[in-house]
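Peer 1: Have a look at the structure that comes next, please.
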Amino acid sequence: MLEIRNLSVGYSAAPIFTDLSVTFANGRITGIIGPNGAGKSTMIKGALGLIKTQRGTATFCGQALSKQRGNIAYVEQHNDLDLSFPINVFDFVLSGTYAQLGLFKSPGKREHQRALAALERVNLSAFRNRQIGGLSGGQLQRVFVARAIAQDADLVILDEPFVGIDMHSEQQIMTVLHEWRDAGKTVIVVHHDLNKVSAYFDDLVILNHGLMASGPVAATYTAANIERTFSSDLSALLFTKGGDQYA
Amino acid sequence: MHSIATFIAALSKYDFLQSALITSTMVGIMSGLIGSFIILRGMSLMGDAISHAVLPGVAVAYILGINILIGASVFGILAALIIGFVSTHSKLKNDTAIGVVFSAFYALGFILISLAGSATNLHHILFGNVLAVSNGDMITTVIVLCIAVLFVVIFYKELLISSFDPTFAQTYGLNTQLMHYSLMLVLTLVTVSALQTVGIILVVAMLITPAATAFMWTNRMSTMLTLAAGFGVLASTVGLYLSYTFNWASGPAIVIVAAGMFLISFLLAPKQGLLIKRREAKHA
C-alpha cells in the first residue's frame with residue numbers, strides 16, 4: 001500500500017495543494033483524475049521526491065519511499081526526452097535493471113534475458129535494435145512499459161500513459177497493467193480521459209487542488225463528484241447518455 | 001608526401017616530437033570520451049565555460065608552484081558549483097549563469113597570470129604548444145587518461161542513463177547531482193591536459209567536434225565513444241603533423257583537422273549526412 005500523508009506542495013501564497021492524504025491499495029489499479037493543473041502529476045512527483053515539498057510523507061508498505069527506490073517503477077510523461085540519443089530499444093529496456101544492479105555492476109546474462117522477456121511481453125522483440133527515435137508514439141510507450149516490466153518493482157506509477165497512442169498499444173498496455181495487478185502490485189495511473197474510467201480502474205482518486213474523493217470506482221465515479229470537480233456540463237454529458245448506472 | 005616522410009624521420013629523431021605525438025594521442029582519446037557525454041547532455045556551453053574557468057587555477061598553481069591539475073580542478077569545480085548555484089537561486093536561464101560566471105573566472109585568470117608575469121606562458125596556455133611538452137606534463141596526461149577511461153568504464157551505465165533520462169535515474173535512486181559534478185571534475189582534468197595540445201581557447205573544440213562527428217555515424221552509445229576517441233586521435237596526430245610541417249600553432253592545426261572531419265561526416269554520414277538525405281529525397 002502506498003500511503004501519502006499530509007503532503008503540501010507549492011508556497012503558502014500559491015499552494016498547489018495542502019495536507020493531502022490518500023492511500024493506494026496493493027493488487028488494485030488506481031486511476032487519478034482531475035482537471036488540468038489540479039496537481040495530479042505534482043502529487044506523484046512530490047511523493048517520489050522529484051520536486052520540493054513543504055511537508056508530508058510517502059510510505060510504501062510501511063517504509064519511506066525514499067528508502068526503497070529500487071522498488072518503484074515510474075513511467076513519466078516523456079515529452080522532453082531526447083529521441084535522437086544514441087540508444088536502441090534493447091539498451092533502453094535494459095536500463096530498467098540498473099536499479100537492482102547498483103553501482104559498479106554491469107548488466108549480465110540474467111539482465112539481458114529479463115530485458116528480452118520484457119520486450120516480448122509488449123510484442124516489440126523485433127524492434128530491439130531500432131534506435132528509439134524510429135518508433136511510433138504507441139511503440140515508444142510500450143517500450144517504456146517494457147522498461148517498467150524489467151524493473152520488476154512492486155509499485156508502478158504511470159503518468160498519462162495513453163496520450164497520443166494507438167488503440168492496439170493501449171490495449172497491450174492495459175493487459176500488462178492487469179498482469180501487474182494480479183501479481184499483487186500497486187498500480188497507479190494518472191489519467192485524463194474520463195470515458196474509460198469505469199473500464200480501466202478498480203479504484204479512483206479524484207483531485208482538484210486537494211482530494212475530492214477516493215475509493216472503489218463504483219462509489220467515486222459519480223455524477224455528483226464529476227460535477228463538483230469538473231463541471232455540470234461534463235457530468236451531464238458523461239452520465240446521461242450511456243445510462244446513469246453510477247449516478 | 002615528402003613532408004610526411006620528413007615528419008616520420010623527425011619523429012624517430014626528436015624526443016620532443018615523440019612526446020608531442022604521445023600526448024596528442026592521449027588527449028584525443030580522453031576528450032573524445034568525455035566530450036561525448038558533454039554533447040549528449042546538451043552541455044557544450046558548459047564544456048566551454050569550464051575549460052575557460054580553469055585559467056585562474058593554472059595561474060595560482062604557477063604562482064604557488066603546485067601541480068597544475070590541483071589548481072585547475074579547484075577552480076573548475078568551483079565554477080561548476082557557482083554556475084549551478086546561480087541558476088537554481090535566480091530566475092536566470094542556465095546559459096546566462098554560465099556566461100556570467102565563466103567570463104568572470106577567465107578575466108580573473110588573465111589578471112593572475114599577468115601578476116605572475118610570464119607572457120610566453122600565457123600564449124602557450126591560450127593556444128597550446130604541444131611541441132614543448134615536458135616529461136612531467138606527459139606523466140600528468142597519463143594519469144588523467146587513466147582517470148577518464150576508468151570513470152567512463154566504471155560508471156558507463158550511470159553516465160548513460162543520467163544523460164539520457166535523468167528523471168528515471170533519480171526515481172531509482174541514482175544521485176544525478178553527484179554524477180554531474182563528477183563529470184565536471186573529470187572534465188576539468190581533461191581540460192588541463194588538452195590545454196597543452198590545443199590551448200584553453202580551443203579545448204571546447206576537442207571536446208565537442210570529434211564527439212559530434214562520431215554522433216553522426218552511429219546509434220549506439222558505446223560505438224559513439226569509440227569513434228569519438230578515434231576521431232580525437234586522428235585530429236590530434238594529423239594536426240600535429242601540420243603544426244610541425246608548416247610551423248602553425250598546434251591548437252588551431254588540430255582543431256581545423258577536426259572541423260574538416262566534421263564537415264565530411266556532415267555531408268556523408270548515413271545518419272544525417274546532407275548528401276544522403278538529398279539523394280533519398282530524390283528517390284522518394
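Peer 1: Would you check if B:Ile98 is modelled with pLDDT of 90 or more and more than 26 Å from B:Leu178 (Cβ to Cβ)? Lay out the reasoning, then the answer.
Peer 2: On the way: modelled with pLDDT of 90 or more: yes; more than 26 Å from B:Leu178 (Cβ to Cβ): no.
In short, no.
Peer 1: For A:Thr97, which of the numbered conditions (1) farther than 15 Å from A:Ala73 by Cα; (2) within 21 Å of the chain's Cα centre (by Cα) fails to hold?
Peer 2: (1)
Peer 1: If you don't mind, there's one more thing I want to ask. Within the stretch A:147-166, work out how many residues are at negative phi, in a loop (DSSP other than H, G, I, E, B) and in contact (Cβ under 8 Å) with a residue 40 or more places away in the chain.
Peer 2: Filtering the stretch A:147-166 for residues at negative phi gives A:147-151, A:153-159, A:161-163, A:165-166.
Subset that is in a loop (DSSP other than H, G, I, E, B): A:153-154, A:161-163, A:165-166.
Add one more test, that the residue is in contact (Cβ under 8 Å) with a residue 40 or more places away in the chain, and what stays is A:153-154, A:161, A:163.
Result for the stretch A:147-166: 4.
Per-residue answers, yes or no, for (1) of a type in the set (Gly, Ala, Ser); (2) touching a strand residue (DSSP E or B) at 6+ places or on another chain (Cβ under 8 Å); (3) part of a helix (DSSP H, G or I); (4) free of Cβ contacts under 8 Å to residues at least 24 places away in the same chain:
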{"residue": "B:Thr209", "(1), (2), (3), (4)": "no, no, yes, no"}
{"residue": "B:Thr226", "(1), (2), (3), (4)": "no, no, yes, yes"}
{"residue": "B:Ala235", "(1), (2), (3), (4)": "yes, no, yes, no"}
{"residue": "B:Trp248", "(1), (2), (3), (4)": "no, no, no, yes"}
{"residue": "B:Ile254", "(1), (2), (3), (4)": "no, no, yes, no"}
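Peer 1: If you don't mind, there's one more thing I want to ask. Any idea how many residues of the stretch B:109-165 are within 14 Å of chain A (Cβ to nearest Cβ), touching a His at 6+ places or on another chain (Cβ under 9 Å) and in a helix (DSSP H, G or I)?
Peer 2: Our first condition is that a residue be within 14 Å of chain A (Cβ to nearest Cβ); within the stretch B:109-165, this holds for B:150-165.
Narrowing the set further to residues that are touching a His at 6+ places or on another chain (Cβ under 9 Å) leaves B:162, B:165.
So of that shortlist, the ones also in a helix (DSSP H, G or I) come out as B:162.
So the count comes out to 1.
Peer 1: I'd like the full set of residues that are farther than 16 Å from A:Ser21 by Cβ and among the hydroxyl-bearing types (Ser, Thr, Tyr), limited to the stretch A:194-217.
Peer 2: A:Ser198, A:Tyr200
Peer 1: Out of everything in the stretch B:247-258 that is touching a helix residue (DSSP H, G or I) at 6+ places or on another chain (Cβ under 8 Å) and surrounded by fewer than 19 Cβ atoms within 10 Å (Cβ to Cβ), what residue ends up being farthest from B:Thr213 (Cα to Cα)? Spell out the reasoning first.
Peer 2: At the first step, the residues of the stretch B:247-258 found to be touching a helix residue (DSSP H, G or I) at 6+ places or on another chain (Cβ under 8 Å) are B:248-258.
Keeping just the survivors that are surrounded by fewer than 19 Cβ atoms within 10 Å (Cβ to Cβ) gives B:248, B:256.
Numbers: B:Trp248: 24, B:Ile256: 13 Å.
Here the answer is B:Trp248.
Peer 1: Moving on to the next point. When residues of the stretch B:210-242 are filtered for being buried (at least 24 other Cβ atoms within 10 Å of the Cβ) and more than 25 Å from A:Ile87 (Cβ to Cβ), how many remain?
Peer 2: Qualifying residue count, the stretch B:210-242: 4.
The values are calculated or read from the model by the stated rules, or taken from the named source; none is laboratory data. Keep in mind that what you see is a predicted model, and the values were worked out from it rather than measured. Positions of Cβ are generated from backbone atoms using ideal geometry, with glycine treated the same way; all protein chains shown enter the neighbour counts.
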